[in-house]
Every structure is written in C-alpha cells, then in structure tokens.
Amino acid sequence: MPGAPLRSEGPPPILTRVIEAALAAVDPAAAVRRALTVRRDTLAFGSLLLPLRSVRCIVVVGAGKAAAPMADAVVDLLAPRLVEGVVIVPYGYAAPAGSVVVREAGHPLPDAAGVRATAEILELLAGVDERDLVIAVISGGGSSLLVAPEHDLELDDLVVVNEALLRSGAPITAVNAVRKRLDRVKGGGLARAAAPATLIGLVLSDVIGSPLDVIASGPTVPDEATWQDALEVVGRYGLAERLPARVLERLRRGTAGWEAPPLAAGNPVFANARTAVIADNRLAARAACRAAEEAGFAPLLLTTSLDGEASAAGRVLASVLREVRASGAPLAPPCCLVAGGETTVTVRGGGRGGRNQELALGAALGLAGVPDVLLASVGTDGRDGPTDVAGAWVDGATVARAAGRGLDAVAALAENDSYQFFAAAGGHLRLGPTRTNVNDLVIMMAF
C-alpha cells in the first residue's frame, strides 16, 4: 500500500509520475499523428480524403504554446513534399519545426513581434488558391500571439484591453468575445485569409468544453459571439473606464450595425474549412488517473469542468479531501482524485501569482491540520500566469510550516501574492515550457 510522502522542497515522486503521465497523453506531436494519416498519397482527416497529387502547395500556419511541435509533426508526416509556413509561439517556447519558420512573440499580452509574425502569415496566405492546402495548428495562447489589430485600432489598444480583461476575473469565453471584435484574424479571420484553399484546423483545447470558436479566439471557425456580447462583457465587468475610447466606440458602432457582422456559420469563407480538437483536458485527466492506479491508488476523475474563483475552488476541493480522510467517501485511501478545468482570479491585491498557485493556497487553508493528504494544481503549459512556475502543491502542514517561517497564508491570499508565499514556504512546481496546453489539472491524493 502506498505510504504518505516525506515533505521536501520538491514534489513527491508519485505526484511527479502522475503529472508526467498526464502531459505525455497530450503530447502535441502525437496528437497530430493521431488526427492526420497519409496512405497511398491520400491525406485523411476525419471524413476528408484529400489526394495529395492534386495539391499544388502545402502551407502550415498557426499560433500557440504547442504550435512548434504540432508544425514539426505535420512536416514530418508530409515529407518529402515541400511544406512552408510560419507559426508563432511565446518567448521561450521555440522548437524545431522542419521547414516551417517559428516566430516568438508576447504572451499573455500581445506585442509588436506578434503583429509582425501575423503579418507574415497573412502575406503567405495571400498567395494561396483552391489548389493549395493550408494546415492551421492552433493551441492555447494563440489569442495573444496571433494578432492583427483592426484598421481603426493600434497594438497599444489591444494591450490595454487584454490587460483589463485578464485582471477582471472574466471567463475566457467572455474575454475572447471582446478580443474577436478588435482583431482581423480572430473569429474566423484566418479562415477568411486562407480561402478558397482547403483548410485543415488542428486544435489543442485549453477551454472547458472545447468550444472551437473560443479556443485561441477561433481563428479558423465560425464566430458565435456578437457585437452585443462584447459590449455586455464590458458592462458586466465594469471595464468601460479602463478601455481606450476608440475601442468602446468601435464596440458601440458594431452593436448599432455600423461595422461588419461576425463571420458566422454559412459564410462562404468556411466552405473548404474543417477544424477539430485533437487533444483536450479529459485526455490528460484520464491518463493521470491511470498512472495513479498503476501506483496503487484508487482513481476518480471528478470533473473536467472546474471553474470559478481559484481560491474558492481550492477550498471546495480541500473539503473533498477532508471528507476522504473522515469517511472514506467518495473513495477510501489510498486514492487519487483528479479535476480539470480553468479557474479565474479577480486581482484585488498587488502581489504576484497565477490561478494554480492561488487555488493551491486556498486549498492549503482548507487542509490545515489534515494528515496524509496532498493537493497539487498545475498548468499543463508549464507556466502559471505571469510566473516561471507551473503551479504549486500543498499538504495539511503547509500553513503551519509557513507560519513558522513568518508567513501569513491568509494575508498572502488577500494580496494575490501566492508566488512569493510558495517561494518562501516551498511547494512550487517547476516544469518549464511543456509545449502543450490543455487547461489545468488538480491532483488530490490521500495516503
């Protein structure tokens, strides 16, 4: 029977093993190879069978934390055919992608490098026609990386909007409803640029429920958000005074019908476009459960729809572990419960952190004094918000141990300063850039 881990500055080996199994299950290159096959000079993607001898040119474009390994897998699959293209990744995420050019740009806030790289993509797509094949590799982070401000806006406008949205606590569906109204490549804009070529969109989902029009702001699919949706987000989260005047004016013009409508389903630009999710959070969560079971823990996948305020979610999940210790429900120890999804943080303090560290800190308060348990919250992309860690892990002694070092967990949470708390108390999870991204995972173990 598995025993309780000895606390150290690093995570216990069983936790590391479960996390590694989850990440391996959503390896972006493997996901591409599962989605695309080539047999007898025919490319298969779902029900699409495309004779490659009829294709004049193959172009790979895209953006996101997994874009480089996805593009590399496409090039390898289609070799020795000539493949060209450009993909955009966050700084530090560059990796070889064969004949496809990899550009680095800003994330989570867009920057000039992203604008330049997106212009390269649009210039490349300007030369395609119905004889060509465009493969778009899309993953989390794409909204800030693939950026082409509408002609009446500037990059600085988008930076202000993105920063305000990210600090507001708004869910990603609401955030991207606004982003899509301000940018030429979002909300089906990349499909418009690729038409009339055949377009295959390969997507790694980092959004709960995997709505294609929300992931990376839906560059290859019809847009289900409206101008009114975007303006309502501004009102609901009290953003009007924080957004540039010309952004507000654009949203009001659109709502009044003075701007072009969204690229909705049925628009001719999607006639030759097909997009599908090829890996998601559920795939990673199930792999985590299997790894735990192999190590002797009874597994249970609680949900892949975890959302809400990060600290509150941490408290709720801590209560589940307390019940496990008290009654053996829903599972008796040794057990491993897994939850996936994406929480939010409404920033009210001046500290530094990310949603996974904040969730873990909230859980630490809920687990104080509970023996033989641990909870880890981890971003599958390897980076939790604007920090250099993937998340944090806690146990029933975290709060007391931190207090012994002069740290106040309640004060740190109120200040949104989870990063400095765990830097001093111990518990950070450091994965480095994983080059995949399928939401967050919370792993709870009772020994």
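The values are calculated or read from the model by the stated rules, or taken from the named source; none is laboratory data. Model, not experiment: these values are computed from the prediction. Positions of Cβ are backbone-derived with ideal geometry, glycine not excepted, and every protein chain shown enters the neighbour counts.
Would you confirm whether any residue within region 382-392 is touching a residue at least 40 places away in the same chain (Cβ under 8 Å) and more than 21 Å from residue 140 (Cα to Cα)? No: zero hits.
Can you name every residue in region 9-19 that is in contact (Cβ under 8 Å) with a residue 40 or more places away in the chain and assigned to a helix (DSSP H, G or I)?
14, 15, 17, 18, 19
When residue 120 is tested against (1) out of contact with any Lys or Arg (no Cβ under 8 Å at 6 or more places or on another chain); (2) more than 23 Å from residue 348 (Cα to Cα); (3) without any contact (Cβ under 8 Å) to a residue 60 or more places away in the chain; (4) assigned to a helix (DSSP H, G or I), just one condition goes unmet, and that condition is (1).
Please determine, by comparing only the residues of region 408-447 that are of a type outside the set (A, V, I, L, M, F, W, C) and in a strand (DSSP E or B), which one is surrounded by the most Cβ atoms within 10 Å (Cβ to Cβ). Among them, the one singled out is 440. Somewhere in region 22-39, is a residue at pLDDT below 95 and touching a Pro at 6+ places or on another chain (Cβ under 7 Å)? No, region 22-39 contains no residue that is at pLDDT below 95 and touching a Pro at 6+ places or on another chain (Cβ under 7 Å).
Taking region 232-273 as the search range and keeping residues that are of a type in the set (Val, Ile, Thr) and closer than 15 Å to residue 178 by Cα, which one is nearest to the chain's Cα centre (by Cα)? Restricting to residues being of a type in the set (Val, Ile, Thr) and closer than 15 Å to residue 178 by Cα, the top hit is 233.
In region 322-336 there is no residue that is in contact (Cβ under 8 Å) with a residue 60 or more places away in the chain, buried (at least 17 other Cβ atoms within 10 Å of the Cβ), touching a Ser or Thr at 6+ places or on another chain (Cβ under 8 Å) and of a type outside the set (Ser, Thr, Tyr). What tally of residues in region 332-364 results from selecting those that are over 21 Å from the mean Cα position of the chain (by Cα) and under 17 Å from residue 166 (Cβ atoms)? Of the residues in that region, 4 qualify. With respect to the conditions (1) touching a helix residue (DSSP H, G or I) at 6+ places or on another chain (Cβ under 6 Å); (2) surrounded by fewer than 24 Cβ atoms within 10 Å (Cβ to Cβ); (3) at pLDDT 95 or above, residue 108 falls short on a single one, namely (3).
Considering region 23-56, the residues that are of a type in the set (Lys, Arg) and more than 15 Å from residue 132 (Cα to Cα) include one that is surrounded by the most Cβ atoms within 10 Å (Cβ to Cβ), namely 33.
Checked across region 153-175, the condition of being in a helix (DSSP H, G or I), under 28 Å from residue 33 (Cα atoms), among the small types (Gly, Ala, Ser) and at pLDDT 95 or above holds for no residue.
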